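**Q** Let me begin by handing over the structure; questions about it come next.
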Amino acid sequence: MNNTHIFTKLKTSFAPGLVVFLVALPLCLGIALASGAPPIAGIISGIIGGIVVGFLSNSNISVTGPAAGLSAIILSAITDLGSFQLFLCAGIIAGVLQVVLGYLRSGTIANFFPSNVIEGMLAGIGVIIIIKQIPLIFGVTSLSTLFNDGSILNQIHFGAVILTVISLGILLFWEKNPFLKKIKMLPGALVAVAVAILINFIWIQTNSSFAISGSNLVSIPTFQNASELANILVLPDWSGFLNPAVWIIGCTIALVASIETLLCIEASDRLDPLKRNTDTNRELKAQGIGNVLSALIGGIPMTSVVVRSSANINAGGVYKTSTIIHGVFLLLAILAIPFVLNLIPLATLAAVLVLVGYKLAKPVLFIHFWKKGYTQFVPFAATFAMVVLSDLLIGVAVGLATSVAFLLFGNLKKAFKYEKRNDLDTPVFHHIKLAEEVSFLNKSAIKTRLHSLPKNSVAYIDAKQSVYIHIDIVELIEDFINAHAKEKNIKVQISGFHKKYHAENPKNNIILQHRKSI
């Protein structure tokens, strides 16, 4: 690659990289906040995701960083383990497992999860994200604080409420205004943050009761030199590798992060103006290495993320250089302006996250699956409900089990078509037309139908459209012809059975004899 081409890539990617940085900065802080992790952990994740994963991946436009989809898992894990340092061990385990999945060529793993289960999981996460922001919106430490010591009004910080409303107003206005959406160098989240900082500065200067300070502001450790920076990095508690709960959390994160990444990669490739394809196995390896490095220095797990990838595409990004540039900007921000980041009110980040949560759990999504029928809606709703009421892993398991149950039930129903027919040249007969694929799961349904045929009747078993019939079904039909049909004086005619069934079981002479006679 010559110097001219490198310069062209840098020139083309600088503006998109800056845009992605401006979008990513509040999201990195907000998602770390929603995850119950230190705010700097989100920035670290964004830096590693941008620079390291951006370099290792062959995806040209996807952007990696802390993901809203993992925040519920991380929050629950940190709470259960009681230590962020222990949780970092789970991040390392997740990263190693992702690398292993990459070498096992598991890049198609997302294809085995139904879309309704995935969407139900994301919708549940969206609701959890919104619920977790309520204390920040009211400027309290927890929801229970609102109901302590008398009136709720006495506990609310009205400055936080006002900034939340203003920030949401800016974000929604930016989303709905076509002209402002075209100003790619000025994302709505960045404007909301800037306005909130300015308003709070005025409140502080005028000694207003609305002024926000202390625990209601972002808190990133500041440092003067490299040695101080090393001291503020949080390192894993290595004893976590002896804790079975840490391993379970690591496996859960590896699975969910891999699925979310692969789905985002698929979406990003569709949006790529040059229509390039990403090597998903290489992507899993890159994500795994990124998660290991992030956890080693105190960052939260990451995935490829849709919002930042879309911002990259919309800003004109066509090379992965823009992803790397966004990571460099995040690094410069934490090195050069941590004091500015510490001026950001948490209420504004809560507003950003409320909008993120809403996009994951839009009411139109529920309507969409409702219109697709109960076989699609029930697994979606079951996943959503269990994610919100229990945890993500149980929610996905329940959703998958529900989907499989509907699949099996549908398979049983579609085993055959039955009708009572009366053609002009034949007496009344019972027509049983087998489906294209008939498995052993259909044995019960077919047996019930055959044994329900009335005495002294005529039955026609039609397998002409069948591509596959399990040997158990063939033997069932033979047994019926040899025994039950004779006992009830039922005349059975069959067609469409092939010699391959005889090859599987040479005793299937009845099938061949009837085939020759028809």
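The values are calculated or read from the model by the stated rules, or taken from the named source; none is laboratory data. Every value quoted in this text rests on a predicted model; they were computed, and no experiment measured them. All Cβ positions, even for glycine, are placed from backbone atoms using ideal geometry, and neighbour counts span all protein chains on display.
**Q** State which residue is surrounded by the fewest Cβ atoms within 10 Å (Cβ to Cβ) when the search covers only the range 284-322 and only residues that are touching a Phe, Trp or Tyr at 6+ places or on another chain (Cβ under 9 Å) and under 22 Å from residue 102 (Cα atoms).
**A** In this case the residue turns out to be 285.
**Q** Counting just the residues of the range 262-314 that are assigned to a loop (DSSP other than H, G, I, E, B) and basic (Lys, Arg), which one comes out modelled with the lowest pLDDT? Even if it seems obvious, please write down each step before you answer.
**A** First, the residues of the range 262-314 that are assigned to a loop (DSSP other than H, G, I, E, B): 272-279, 297-301.
Filter once more, keeping what is basic (Lys, Arg): 275-276.
Values: 275: 80, 276: 85.
Only one residue tops the list, namely 275.
**Q** Being in a loop (DSSP other than H, G, I, E, B) and either in contact with a Pro (Cβ under 8 Å, 6 or more places away or on another chain) or at pLDDT below 75 (or both) is the filter here, so list the residues in the range 208-220 that pass it. Even if it seems obvious, please write down each step before you answer.
**A** Let us first name the residues in the range 208-220 that are in a loop (DSSP other than H, G, I, E, B), namely 208-213, 218-220.
Passing the criteria: 212, 218, 219, 220.
**Q** For residues in the range 437-452 being in contact with a helix residue (DSSP H, G or I) (Cβ under 7 Å, 6 or more places away or on another chain) and among the β-branched types (Val, Ile, Thr), which is nearest to residue 419 (Cα to Cα)?
**A** So, considering only residues that are in contact with a helix residue (DSSP H, G or I) (Cβ under 7 Å, 6 or more places away or on another chain) and among the β-branched types (Val, Ile, Thr), the one nearest to residue 419 (Cα to Cα) is 446.
**Q** Still on this structure, I have one more. Suppose the filter is under 17 Å from residue 320 (Cα atoms), among the hydrophobic types (A, V, I, L, M, F, W, C) and within 26 Å of the chain's Cα centre (by Cα); does residue 264 pass it?
**A** Taking the combined requirement at face value, the residue satisfies it.
For every residue, the table says whether it meets (1) touching a Phe, Trp or Tyr at 6+ places or on another chain (Cβ under 9 Å); (2) modelled with pLDDT under 75; (3) farther than 21 Å from residue 342 by Cα; (4) outside the structural domain of residue 322 (by TED's automatic domain parsing).
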| position | (1), (2), (3), (4) |
| --- | --- |
| 157 | yes, no, no, no |
| 182 | no, yes, yes, no |
| 196 | no, no, no, no |
| 199 | yes, no, no, no |
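**Q** Can residue 203 be described as of a type outside the set (S, T, N, Q), in a helix (DSSP H, G or I) and at pLDDT 90 or above?
**A** It is true that residue 203 is of a type outside the set (S, T, N, Q), in a helix (DSSP H, G or I) and at pLDDT 90 or above.
**Q** Only one of 59, 106 is of a type in the set (S, T, N, Q) and within 13 Å of residue 304 (Cα to Cα). Can you tell me which?
**A** Of the residues listed, the single one that is of a type in the set (S, T, N, Q) and within 13 Å of residue 304 (Cα to Cα) is 59.
**Q** Moving on to the next point. Looking at the range 259-275, I want the residues that are surrounded by fewer than 20 Cβ atoms within 10 Å (Cβ to Cβ) and have a partner that is aliphatic (A, V, I, L, M) and part of a loop (DSSP other than H, G, I, E, B) with Cβ atoms under 7 Å, at least 6 apart or on another chain. Which pairs are those?
**A** Pairs found: 272/61; 273/318; 274/318.
**Q** Of the residues that make up the range 439-452, is at least one of a type outside the set (Phe, Trp, Tyr), in contact with a Leu (Cβ under 8 Å, 6 or more places away or on another chain), part of a loop (DSSP other than H, G, I, E, B) and modelled with pLDDT of 80 or more? So that I can check it myself, show each step before the final result.
**A** At the first step, the residues of the range 439-452 found to be of a type outside the set (Phe, Trp, Tyr) are 439, 441-452.
This time we only want the ones that are in contact with a Leu (Cβ under 8 Å, 6 or more places away or on another chain), so: 441-447, 450.
Those still in the list that are part of a loop (DSSP other than H, G, I, E, B) too: none.
No, the range 439-452 contains no residue that is of a type outside the set (Phe, Trp, Tyr), in contact with a Leu (Cβ under 8 Å, 6 or more places away or on another chain), part of a loop (DSSP other than H, G, I, E, B) and modelled with pLDDT of 80 or more.
**Q** Considering the range 221-255 alone, what residues qualify as being modelled with pLDDT under 90 and buried (at least 23 other Cβ atoms within 10 Å of the Cβ)?
**A** Result: no residue meets the conditions.
**Q** Residues that are basic (Lys, Arg) and at pLDDT below 85: list the helices (runs of 4 or more DSSP H) wholly contained in the range 456-518 that include at least 1 such residues.
**A** Correct list: 499-504, 509-517.
**Q** Output the residues belonging to the range 24-58 that are under 20 Å from the mean Cα position of the chain (by Cα) and at pLDDT below 90.
**A** Correct list: 24, 27, 30, 33, 34.
**Q** For the range 377-398, how many residues are at pLDDT below 90 and of a type outside the set (D, E, K, R)?
**A** Adding up the residues that qualify gives 10.
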